[in-house]
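These notes are about the structure you will find just below.
The values are calculated or read from the model by the stated rules, or taken from the named source; none is laboratory data. Every value quoted in this text rests on a predicted model; they were computed, and no experiment measured them. A quick note on method: Cβ atoms are made from the backbone with ideal geometry, for glycine too, and the neighbour counts reach across all protein chains shown.
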């Protein structure tokens, strides 16, 4: 009998997802640049674009991490190890 996969909790908030989507669009257009104030080269990696989007969300205070108490209340405490 196959084991049932546990539903995972959302790691990032909706606003953070919007920032990532925006960064991906800028990457596709060729407007996304790395480094402080976009002084670096063009971003070519999908993973780098996602990291930039999350970083922008974090700077705006829209990261959306759920607090430990909230996770515990729902029964989704993190496992050690």
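Some values worked out for this structure:
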| item | result |
| --- | --- |
| Qualifying helices (runs of 4 or more DSSP H) (wholly inside the chain; at least 1 residues being at pLDDT below 80) | 68-74 |
| Cβ pairs under 7 Å, 6+ apart, first in region 54-66 and closer than 10 Å to residue 20 by Cβ, second part of a loop (DSSP other than H, G, I, E, B) and modelled with pLDDT under 65 | 57/63 |
